[in-house]
Amino acid sequence: MRTAIKEHRARMNLTQEQLAEKVNVRRETIVFLEKGKYNPSLRLAHDVARVLGVKIDDLFFFDDEEAPGTDKGSD
């Protein structure tokens, strides 16, 4: 799994700590989310998306999905 949490968080000028406080988790949880090393509950994914002002689909991408802005087939 890959995420765009870091990019959206940076656009809002939020630190990992600030985002963690807003969604009521530890900073380490945000670190693991950003690295794609933690699959969040639906509730946490919803809360992160809400705080960042985006849809859940804008934040999380699975290995068989293409992240927005990438073009797999154009070589």
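Any read-out appearing in this document is the output of simple, stated calculations on the displayed coordinates, not a laboratory observation. The shown structure was predicted, so the numbers you read here are calculated from the model rather than taken from an experiment. Positions of Cβ are generated from backbone atoms using ideal geometry, with glycine treated the same way; all protein chains shown enter the neighbour counts.
Of the conditions (1) under 13 Å from Phe61 (Cα atoms); (2) without any contact (Cβ under 8 Å) to a residue 24 or more places away in the chain; (3) loosely packed, with under 15 Cβ neighbours inside 10 Å, Tyr38 satisfies every one except a single condition; which number is it?
Exception for Tyr38: condition (3).
Look at the range 4-47 and say how many of its residues are β-branched (Val, Ile, Thr), within 10 Å of the chain's Cα centre (by Cα) and in a loop (DSSP other than H, G, I, E, B).
Result for the range 4-47: 0.
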